[in-house]
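S.K.: The structure that follows is given in the form of C-alpha cells.
Values in this text are rule-based calculations from the coordinates and carry no lab data. Treat the numbers as computed from the prediction; the structure is a model and nothing was measured. Every residue, glycine among them, receives a Cβ derived from its backbone with ideal geometry; neighbour counts consider all protein chains shown.
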Amino acid sequence: MGQKNLATTIKEITRNHLENCNGLLLGQSISAVGWVNNTVPDCKGIVELPMTDVAGAGIAVGTAIVGRRPIFVIRFQDFLILNGSQLIFYAAKVKELHNQPAPIFIRAIGTEGIGPCHSGNLHNIFMHFPGFNVFAPITSKEYEQTWDAFMNDNKPMMCSEHRDTFTNCEEIEDILVEDAEITVCAISVTRLEAQQAVKTLHGENVKCSFVNIFKLKPFSLKEEIVDIIKSSKHILVVDTGHEISGAAQAIAYEIGKKINKFVHILGVEDKTKCICEPYQNRYPDSEKIITKINNIIKGDYTCQKE
Amino acid sequence: MRLSNFGVLEEAINNIDNTIKLNIYKKMYRSRKFEEGVIESVECKQIKSAVYLSIGQESIAAAIIEALGNKHYVFTQHRCHSTFLSLGGNILKIRDELLGLPTGSSNGKGGSNCLQIHENGINMFGHHGFIGENLPQAVGACFGSNKPTLCFLGDGAIEEDYIYPSIGFAVTHKLPIIIICEDNDLSILTKTEDRRSWDVSEVMKSFGIPSVNMADDPWSIYEKISGLFANTDGPIFLNIKTCRIKWHAGIGADKMHEWDRFSIVKEELLSLGLGSQLTVIEEEVNKEMDIVWDKKTLQQLLKK
C-alpha cells in the first residue's frame, strides 16, 4: 500500500480537528462540488457561508476570536482579494494591538487555467502584511508541520495550497550539490516542476542544486543550505505567482542579502491569466525552468519570454 | 423622523426604579466629563492622535449596559468611549490609551477608535476602522461561543453590503445577538436623507427580527431592551436615533445636533426631585475626573 496523498492528509487533519478538538471548518460551497477536491470530511463542525466574502470572512474571524481555531476554506486564491479585509485588518492585527489572538487557518487554494479570477496565486500579498505566518506545503509531512505550527501559535496561518499537488504522495527532498552551476529554489507546485528540471539537467551533466521553500514567512534557510547556495554560481527562485513584486522576488532579495549575490527569479508574466490555452499564463513548468536556467548560464538574463 | 421624543415610551421614566435611573445618569455624566477631559487634553496637545468622541450619544451605552450588565461579548464601533466606560472599563487605561502610553488598555497601540478590554468580566472587542467590520465578527463570535453578544455600529456602517448576510446568518442560526445602530444621521457629514431612501428597521422586520426604531431616551431603551429580551430567542435590532455633538473625528463641532440627550435627562431627573442625588453623583465624578485629567500628572506620564 502506497503512502497517502496530500488530500487525504488534509482530510484526516480536518476530521480530527472537527470531531475531537471543538474546531470548525467554514467556507463557501465546501460541502459540495467534490468536497473541495476531496479534502473535506463529511462530519460535524462544517459551516457553509453562502454570502458576500467580507461577511463570511468576518464570521470566520469571529469564531477565531472566541477560540474555535477555525479552518477557513477559500476555494480559489483570487477570492483572497475579497476576503482579505477581515483577515488582514483584523485577524492579523488583533494580537499585536490588543494581545487577543484570532488564530484562523486559511486554506487558500491555488489552481491553473480557469480564467482571470480563479487562477491566481496570491500568497505574496499575505507575506506583505504583518501578523501572518505563510506556508505553502505540497506534501503530507509539510502539511502536518504547517498544522502543528498553527496549533502551537496564535497567529493566523495562510496555508497556500495548490490543486495540482493534492494527489502528491511523495515527500520532496532537497538536492544539494556543491559548486553547482545553479541552485533552483522553488515555491509551491513549481517545486515539482523545478525538481523535474534539475533531474533533466543532471542528465545533461549540468551541476544543479534544488532547494524546497515551503515556509515563506517567516523565511529562513538552514546554514547547510546557505553554504550550498553560496558555492553555487547562479541562483534562481521560482514561484507560482506573478513575478513582479511577487514571492519569488521577495525571497530572492532575502537570499541575495544573505549571500551577497544577485538572485534570478521566475514566475508568472505580468499579464492577466486568461482562460484560453495560449493566454493562460500558467506557473512555470519544467520546460520553462530549463530554458530560464540555460539562459542564465549563457549570460542572457534579460528576456522574460524565454 | 429626527425628533428627541421619536418612539419614546412616555411612561418609561416612571416605570424605572430611581436607583436605576441614577445609575444611568452616572454613566452618562461620567462619559460626558471624561470626554470634556479628552477635549482639554487635545487642546493642550497632550493627546496627539485622532479622537472619536461619544459626546451626545452617551445615553445608549449607559441604558443598555445598565439593563444587561457586562455578561455579553461586546463589539463596539469606532465611537466607543462611552461604551468602554459604561461597561466599567478602567478609566485610567482608556486615558492612557488615548495618550499613547504603554499603560493604556491596548498598550497605547490602538487609540480612540480601537479600544478593547478583557478584564474584570468585561469582554469588549475593538474596531479597526473598517466600517461595519465588527458585525460579521460579532456574529461569528456569537456563533462560535453561543454567548450573548452586543454589537454597536453606526448608521453609515449599517449601509454596508456585508451587514445583511451577517444578519441573515444570525437569523438562520438563531443567535443571541443584539445589534444596536447608533443612528446619528451622519456618515461623517453626509445626512441619511442624502444617502438612502429606505428605513433600516423595516429591513430588519423583513428578516423577522424584533426591531425597535426610537430616539435615545435612556428610559425607553432600558424598558424596551428588557421587554424584548424576555420574548425572543434570536437576534434583536435597535435603531436608536441620537446626536453626535462633535465632529466625526476630533474636537470641533458644526452645531448640527438637534438635541442633547444629556441635558434632557438631567432636566427630567431634576423635575422628579432627584437634584440632591445628582449633586452627589456629580461631585463624586468631578473628583474622579480631577484626578484622571490632572495636568501635572499627565505631564509626568508623558515625560516617562
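S.K.: Could you point to the residue in B:120, B:222, B:210 farthest towards the positive end of chain B's charge dipole, with +1 and -1 charges on the Cβ of Lys/Arg and Asp/Glu respectively?
M.R.: The residue sitting most towards the positive pole is B:120.
S.K.: So if I place +1 on the C-beta of Lys and Arg and -1 on the C-beta of Asp and Glu, and nothing else carries charge, what would the dipole magnitude of the protein assembly as shown be about its Cα centre? I want it in debye, nearest 20.
M.R.: 920
S.K.: I want to verify a result. In a Gaussian network model of chain A, Cα cutoff 10 Å, which of these has the top mean-square fluctuation: A:127, A:157, A:51?
M.R.: A:51
S.K.: Nearest 5 percent is fine: what portion of the DSSP beta bridges confined to the protein assembly as shown is antiparallel?
M.R.: The antiparallel fraction comes to roughly 10 percent.
S.K.: Here's something else I'd like to know. Answer rounded, prolate or oblate for chain A, using the Cα gyration tensor with square roots of eigenvalues a ≥ b ≥ c: rounded when a/c is under 1.5, else prolate when a/b is larger than b/c, else oblate.
M.R.: prolate
S.K.: Also, quick follow-up: Could you give the angle, 0 to 90 degrees to the nearest 10, between helix A:140-151's Cα long axis and the longest principal axis of the Cα atoms of chain A?
M.R.: That helix lies at roughly 50 degrees to the long axis.
S.K.: Counting each DSSP H run of 4 or more residues in chain A as -39500 (n - 2.57), what helix-only mean residue ellipticity at 222 nm follows after dividing by all residues, to the nearest 500 deg cm²/dmol?
M.R.: -11000 deg cm²/dmol
S.K.: Could you check what % of the DSSP bridge pairs in chain B are antiparallel, to the nearest 5?
M.R.: 20
S.K.: For segment A:192-250, which GluC sites (Glu not before Pro) pass both filters: DSSP loop (anything but H, G, I, E, B) and at most 16 other C-beta atoms within 10 Å?
M.R.: Taking segment A:192-250 and a limit of 16 other Cβ atoms within 10 Å, the loop GluC sites (Glu not before Pro) found are A:204.
S.K.: How high is the relative contact order of chain B, in percent, with contacts defined as C-alpha pairs under 8 Å that are six or more residues apart?
M.R.: 23
S.K.: Can you list residues whose amide H is under 5 Å from residue A:136's amide H, if they're 5+ apart or on another chain and H is modeled 1.01 Å from N?
M.R.: The answer is A:160, A:215, A:216.
S.K.: Along the positive direction of the dipole of chain A (beta-carbon charges: Lys, Arg +1; Asp, Glu -1; about the Cα centre), which of A:248, A:81, A:40 reaches farthest?
M.R.: Highest projection toward the positive end goes to A:81.
S.K.: Once you order the gyration tensor axes a ≥ b ≥ c over the Cα atoms, which shape class does segment A:6-165 get: rounded for a/c under 1.5, otherwise prolate or oblate by comparing a/b with b/c?
M.R.: It is rounded, given that a/c, with a ≥ b ≥ c, falls under 1.5.
S.K.: Okay, moving on. Return the sequence-ordered ³J(HN,Hα) values of segment B:131-145 in whole Hz as given by the Karplus equation 6.51 cos²θ - 1.76 cosθ + 1.60 applied to θ = phi - 60°, using x for Gly and Pro.
M.R.: 4, x, 4, 6, 5, x, 5, 5, 5, x, 5, 5, 5, x, 10
S.K.: Something else about it: DSSP beta bridges in chain A, what fraction antiparallel, as a percent rounded to 5?
M.R.: Approximately 10 percent, going by the DSSP bridge assignments.
S.K.: Where the only charges are on Cβ atoms (+1 Lys, Arg; -1 Asp, Glu), what is the dipole of segment B:1-131 about its Cα centre, to the nearest 20 debye?
M.R.: With only Lys, Arg, Asp and Glu charged at Cβ, the dipole is about 260 debye.
S.K.: Would you mind checking the pairs B:21/B:287; B:21/B:45; B:45/B:191; A:95/A:215 and listing those with alpha carbons more than 24 angstrom apart?
M.R.: Exceeds cut-off: B:21/B:45; B:45/B:191.
S.K.: While we're here: Just from its helices, what would the mean residue ellipticity at 222 nm be for chain B, if runs of 4 or more DSSP H residues each count -39500 (n - 2.57) and the sum is divided by every residue, rounded to the nearest 500 deg cm²/dmol?
M.R.: That calculation yields -14000 deg cm²/dmol at 222 nm.
S.K.: Right, here's the next one. What percentage of all Cα-Cα pairs in segment A:182-298 are separated by more than 17 Å?
M.R.: Across segment A:182-298, Cα pairs with separations above 17 Å total 52 percent.
S.K.: A further question follows. At a threshold of 8 angstrom on Cα-Cα distance, excluding pairs fewer than six apart, so keeping six or more, what relative contact order does segment A:182-298 reach in percent?
M.R.: Here the relative contact order equals 30 percent.
S.K.: Quick check: the angle from helix A:6-20's long axis to the longest principal axis of chain A, C-alpha only, nearest 10 degrees?
M.R.: 30
S.K.: What lysines does residue A:273 reach when the alpha-carbon gap must be under 24 Å and sequence neighbours fewer than 8 apart in one chain are set aside?
M.R.: A:288, A:292, A:305
S.K.: Please name which of B:273, B:263, B:300 has its Cα lying farthest along the dipole of segment B:261-304 towards the positive end, using unit charges on Cβ (Lys, Arg +1; Asp, Glu -1) and the Cα centre as origin.
M.R.: Going by the Cα projections, it comes out as B:300.
S.K.: Suppose every K and R has +1 on its Cβ and every D and E has -1 on its Cβ; what is the size of the dipole of segment B:144-184 about the Cα centre, in Debye to the nearest 20?
M.R.: The dipole of segment B:144-184 has a size of about 420 debye.
S.K.: Can you work out the Karplus-derived ³J(HN,Hα) for every residue in segment A:73-81? Use 6.51 cos²θ - 1.76 cosθ + 1.60 with θ = phi - 60°, whole Hz, and x for glycine or proline.
M.R.: 9, 10, 5, 9, 4, 4, 6, 4, 4
S.K.: To continue, here is another question. Which pairs break 26 Å Cα to Cα here: B:93/B:295; B:48/B:255; B:109/B:303; A:155/A:261?
M.R.: Cα-Cα > 26 Å for A:155/A:261; rest within.
S.K.: Just want to confirm a number: the relative contact order over chain A, from Cα pairs under 8 angstrom separated by 6+ residues, in percent.
M.R.: Worked out over chain A, it gives 15 percent.
S.K.: Once the cut-off is 26 Å, how many percent of the Cα-Cα pairs in chain B end up in the long-distance tail?
M.R.: Result: 42 percent of Cα pairs exceed 26 Å.
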